[in-house]
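Asks: Please read through the structure below; I'll follow up with questions.
The values are calculated or read from the model by the stated rules, or taken from the named source; none is laboratory data. The model shown is predicted, which means the values in this text are computed figures rather than measured ones. Heads up, the Cβs are rebuilt from the backbone with ideal geometry, glycines too, and the neighbour counts pull from every protein chain shown. For accessibility, only protein heavy atoms count, side chains too; no ligands or nucleic acids. Shrake-Rupley method; radii C 1.70, N 1.55, O 1.52, S 1.80 Å.
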Amino acid sequence: MPVPTSALPRPVRALIEAFERLPGIGPKSAARLALYLLRAPEEVTQALRDALAHLHRDVTYCQRCFHFTEADQPLCAICRDPQRDQTTICVVEDPLDVVALERTGLYTGVYHVLHGVLSPIEGVGPEDLRIRELEQRVQEGGVQEVILATNPSLEGDATAAYLVQRLKPLGVRVTRLAQGLPTGGDLEYADQTTLMRALLGRQELG
Amino acid sequence: MTEPHEPAMYLAQLHLENFRLFAYFARALPRGPLLIVGPNAQGKTSLLEAVAYLATFSSFVARTEREVIHFLALREPLAVARVRGACVRSALGNTAAEPIRLEVRIIHQARPQGGASPTRKEVLVNGVRRKLVDALGTCTAVLFVPQMLRLVDGAPELRRRFLNQSLAQVEPGYAAALAAYNRALTQRNALLKAVAEGRARAADLRVWERPLAEAAARIMQARHRALAAWNRLLLQRYRDLLNRTEPLRLVYRPALDVPEAPTQTRLFGGEEPAEPPAALLNDRQALTQHLLDRLAQRRELDLRRGNTGLGPQRDDVRFVAGGLDLAAYGSRGQVRTAVLLLKLAQAAWYTERTNSKPILLLDDLLAELDADRREELLAHFFQAGEQVLLTTTDESMYPARYRDRTEVWHLQQGQVVAAQPASGPGL
């Protein structure tokens, strides 16, 4: 519910409304955050002000993989790293997926961030994603494998199917992340879809 | 008569909050027959609807789910209707089975800015939140309400909803396939629109057609198999009940986009719908490939129409007896009997699939049937289920021979004002 005009001074109301626009923040949390900042020491608000000011000015997209990078660097830290294997590209939906894959410490290749998935309902088509740029990277040569790591959802699968269609003719190996049961999970508690995918993707032992 | 020890599903407890006219209702249920007696609008049908919620998590009766929430609760910003039950699937030999606690919450949250506020649902199994598709099958029930007479001659949408609610209870993966199908269908239809407006290319439709065809094949194959099983049961067990000559048959009309076999015209002007292409429906891979091919072929056509012209959202089922389509040629009595036979077949099929008889919920079953037919059908229903919940406005219609085995509740404005437990032995 909007704060009545009489109840709080205009700048406080403006801050509450700004917070309310953020995902996951309701009117109560927004009011609590705003009042906290109002009473907080100067250095807390200063740090927030600086972080916000630098956010857009100092962050941009990597020119190669479209992950985030600092504004004075055309390439992100991963693309710049000479240790990374430039012949393998892992395609993800979102920069947070890069973070998740990096946490494994296992992947030594580079990335390509699509910034979304195909979804006609939301009006997202191939030209709204960084697909043309991915094709260019592969066409430039030197790429041996493209790993499709979009989410195992209807839209993630459809995007992967689209990418296969586009990349296969370019003569590159295209793979998809294995799908199935989470480690430490319990068969009994796995949902039907996950179990079905795991069953279909079973592997021979020995 | 039912053997007392045949495995059956039953509800030991029913607990309602803010469900229809029940602000609060809690009562233990008998394991055998229960007759709910009362004038109209006292909550008889709503009690059956509530039990059916535990089996399908949806209503066959309500137009919108919001209407099952008590009207006073709806005045609150957050309104919750709750149906809770303790379901027991008794095992062979009458060993005491652990009851499973099921809870369905129908939640309506008013938006502060107004506008359409959606109703959502939560399902808890033994107190733990579960996805709806994963909790289906915990409780199995067969519901008859007089509105279902429209199944025979009403819109195909009613028959599809009935099929979906029936299959989701016992066919693993059916509800999930249905959800996947609807999502893929929405995406393909949105893309058709984008292509028609020049915002996308027709070739991009392909990536949505694969998941669409896979889910469609699952759904259509499940429907075909269920209807074939129901026809087998109708023939084996209920052959003579409709018109003493020919059994009731359900003819599946899948929207597969195949040229139809010519309908057979019968002697007296009736037309029997063509049989579905069984060979195709029995082979999942061939069916998926067929759907994929047809979807690709009809892109131009679908572009002009602006939606997808084949698939389970366009399926239909016809009720046929003696070569006649009952939608056009059935008498009122025949239509009523046909729907009741369908319910018997559904119950018998559940028993085959789950190894236990389902709960039977029969609203106003006794009306409009003569005394002989009433007894005959009741005998079959008591055979098909152990916990049988019946409603009536007129207690005298209930055959005397079942009386002492039946618990009777008199319902007034959502309250049981008088109850007589069964006095005699179980059925």
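Asks: For B:Leu191, which of the numbered conditions (1) aliphatic (A, V, I, L, M); (2) within 8 Å of chain A (Cβ to nearest Cβ); (3) without any contact (Cβ under 8 Å) to a residue 12 or more places away in the chain fails to hold?
Replies: Condition not satisfied by B:Leu191: (3).
Asks: While we're on this one: With respect to A:Glu93, determine if the residue is touching a helix residue (DSSP H, G or I) at 6+ places or on another chain (Cβ under 8 Å), in contact (Cβ under 8 Å) with a residue 12 or more places away in the chain and open to solvent by 60 Å² or more (accessible area, probe 1.4 Å). Talk me through it step by step, then tell me what you get.
Replies: On the way: touching a helix residue (DSSP H, G or I) at 6+ places or on another chain (Cβ under 8 Å): yes; in contact (Cβ under 8 Å) with a residue 12 or more places away in the chain: yes; open to solvent by 60 Å² or more (accessible area, probe 1.4 Å): no.
Here the answer is no, as A:Glu93 does not meet what is asked.
Asks: Let me ask something else about it. Identify all residues within segment A:83-129 that are of a type in the set (A, V, I, L, M), within 30 Å of B:Arg188 (Cα to Cα) and touching a Cys at 6+ places or on another chain (Cβ under 7 Å); write none if there are none. Explain how you work it out, then say what you get.
Replies: Taking segment A:83-129 first, the residues of a type in the set (A, V, I, L, M) are A:89, A:91-92, A:96, A:98-101, A:106, A:110, A:113-114, A:117-118, A:121, A:124, A:129.
Right, trim to within 30 Å of B:Arg188 (Cα to Cα) and you get A:89, A:91-92, A:96, A:98, A:113-114, A:117-118, A:121, A:124, A:129.
Correct list: A:Val113 only.
Asks: Applying the selection to segment A:101-120, what residues are of a type in the set (A, V, I, L, M, F, W, C) and surrounded by 13 or more Cβ atoms within 10 Å (Cβ to Cβ)? Talk me through it step by step, then tell me what you get.
Replies: Kept after step one, since they are of a type in the set (A, V, I, L, M, F, W, C), are these residues of segment A:101-120: A:101, A:106, A:110, A:113-114, A:117-118.
If the condition is that a residue be of a type in the set (A, V, I, L, M, F, W, C) and surrounded by 13 or more Cβ atoms within 10 Å (Cβ to Cβ), then A:Leu101, A:Val110, A:Val113, A:Leu114, A:Val117, A:Leu118 are the ones that fit.
Asks: Step by step: first the residues of segment A:137-153, then only those that are more than 19 Å from A:Pro182 (Cα to Cα) and aliphatic (A, V, I, L, M), then the one that is nearest to the other protein chains (Cβ to nearest Cβ). Which residue is that? Before the answer, list the steps.
Replies: Restricting attention to segment A:137-153, the residues satisfying the condition of being more than 19 Å from A:Pro182 (Cα to Cα) are A:137-147.
Then keep just the ones that are aliphatic (A, V, I, L, M); that gives A:138, A:143, A:146-147.
Details: A:Val138: 19, A:Val143: 22, A:Val146: 16, A:Ile147: 18 Å.
Out of the qualifying residues, it is A:Val146.
Asks: Here are some conditions: (1) loosely packed, with under 13 Cβ neighbours inside 10 Å; (2) more than 30 Å from B:Ala110 (Cα to Cα). A:Cys76 meets all but one. Which one does it not meet?
Replies: The one condition A:Cys76 does not meet is (1).
Asks: Before we move on, is B:Leu185 within 12 Å of chain A (Cβ to nearest Cβ), more than 30 Å from B:Met9 (Cβ to Cβ) and touching a residue at least 24 places away in the same chain (Cβ under 8 Å)?
Replies: Numbers: within 12 Å of chain A (Cβ to nearest Cβ): yes; more than 30 Å from B:Met9 (Cβ to Cβ): yes; touching a residue at least 24 places away in the same chain (Cβ under 8 Å): yes.
It is true that B:Leu185 is within 12 Å of chain A (Cβ to nearest Cβ), more than 30 Å from B:Met9 (Cβ to Cβ) and touching a residue at least 24 places away in the same chain (Cβ under 8 Å).
Asks: Ok, one more. Criterion first (under 30 Å from A:Gln136 (Cα atoms), open to solvent by 90 Å² or more (accessible area, probe 1.4 Å), among the charged types (D, E, K, R) and part of a helix (DSSP H, G or I)) does A:Arg32 satisfy it?
Replies: In short, no.
Asks: Quick one: count up the residues across segment A:166-198 that are within 13 Å of chain B (Cβ to nearest Cβ), in contact (Cβ under 8 Å) with a residue 12 or more places away in the chain and not polar (S, T, N, Q).
Replies: 3
Asks: Also: Among the candidates B:Ala216, B:Ala168, which residue alone is within 27 Å of the chain's Cα centre (by Cα), modelled with pLDDT of 85 or more and open to solvent by less than 10 Å² (accessible area, probe 1.4 Å)? Before the answer, list the steps.
Replies: Values: B:Ala168 fails: open to solvent by less than 10 Å² (accessible area, probe 1.4 Å).
After ruling out the rest, the residue left standing is B:Ala216.
Asks: Then there's this: Find the residue count for segment B:304-324, including only residues that are surrounded by 18 or more Cβ atoms within 10 Å (Cβ to Cβ) and in a helix (DSSP H, G or I). Before you say what the answer is, go through the steps one by one.
Replies: So in segment B:304-324, the residues surrounded by 18 or more Cβ atoms within 10 Å (Cβ to Cβ) come out as B:308, B:310-313, B:315, B:317-322, B:324.
Among the residues that remain, those that are also in a helix (DSSP H, G or I) are: B:312-313.
Number satisfying all stated conditions: 2.
Asks: Quick check: is even one residue across segment A:43-61 more than 14 Å from chain B (Cβ to nearest Cβ), surrounded by 12 or more Cβ atoms within 10 Å (Cβ to Cβ) and in a loop (DSSP other than H, G, I, E, B)?
Replies: Taking every residue of segment A:43-61 in turn, none turns out to be more than 14 Å from chain B (Cβ to nearest Cβ), surrounded by 12 or more Cβ atoms within 10 Å (Cβ to Cβ) and in a loop (DSSP other than H, G, I, E, B).
Asks: Among the strands (runs of 3 or more DSSP E) lying completely within segment B:6-122, list those that include at least 1 residues that are at negative phi and within 14 Å of another protein chain (Cβ to nearest Cβ). Give the steps one after another, and end with the answer.
Replies: Values: elements: B:9-19, B:22-28, B:34-37, B:78-89, B:100-109.
Where strands (runs of 3 or more DSSP E) fall fully within segment B:6-122 and carry at least 1 residues being at negative phi and within 14 Å of another protein chain (Cβ to nearest Cβ), they are B:78-89, B:100-109.
Asks: Now for a separate question. List every residue pair whose Cβ atoms sit under 7 Å apart, with the two residues 6 or more apart in sequence or on different chains, where the first one lies in segment B:354-376 and is charged (D, E, K, R) and the second, anywhere, is in a loop (DSSP other than H, G, I, E, B) and open to solvent by 40 Å² or more (accessible area, probe 1.4 Å).
Replies: B:Lys357/B:Glu6
Asks: Residues that are modelled with pLDDT of 95 or more and among the acidic types (Asp, Glu): does segment B:355-376 have at least one?
Replies: Within segment B:355-376, one or more residues are modelled with pLDDT of 95 or more and among the acidic types (Asp, Glu).
Asks: Are any residues in segment A:150-206 of a type in the set (Asp, Glu), under 30 Å from B:Val170 (Cβ atoms) and surrounded by fewer than 10 Cβ atoms within 10 Å (Cβ to Cβ), and if so, which ones?
Replies: Those that are of a type in the set (Asp, Glu), under 30 Å from B:Val170 (Cβ atoms) and surrounded by fewer than 10 Cβ atoms within 10 Å (Cβ to Cβ): A:Asp186, A:Glu188.
Asks: Return the residue satisfying two criteria in turn: it lies in segment B:266-287 and is more than 18 Å from B:Arg253 (Cβ to Cβ) and open to solvent by less than 50 Å² (accessible area, probe 1.4 Å), and of such residues it is modelled with the highest pLDDT.
Replies: Looking at the filtered set, the residue picked out is B:Ala286.
Asks: Another one. Against the condition in a helix (DSSP H, G or I), at pLDDT below 95, loosely packed, with under 15 Cβ neighbours inside 10 Å and of a type outside the set (D, E, K, R), how does B:Leu301 come out, does it pass? So that I can check it myself, show each step before the final result.
Replies: Numbers: in a helix (DSSP H, G or I): yes; at pLDDT below 95: yes; loosely packed, with under 15 Cβ neighbours inside 10 Å: yes; of a type outside the set (D, E, K, R): yes.
Here the answer is yes, as B:Leu301 does meet what is asked.
Asks: Select from segment B:202-228 the residues that are in contact with a Phe, Trp or Tyr (Cβ under 9 Å, 6 or more places away or on another chain), facing chain A (nearest Cβ under 9 Å) and in contact (Cβ under 8 Å) with a residue 12 or more places away in the chain and list them in ascending order.
Replies: B:Asp204, B:Arg206, B:Pro211
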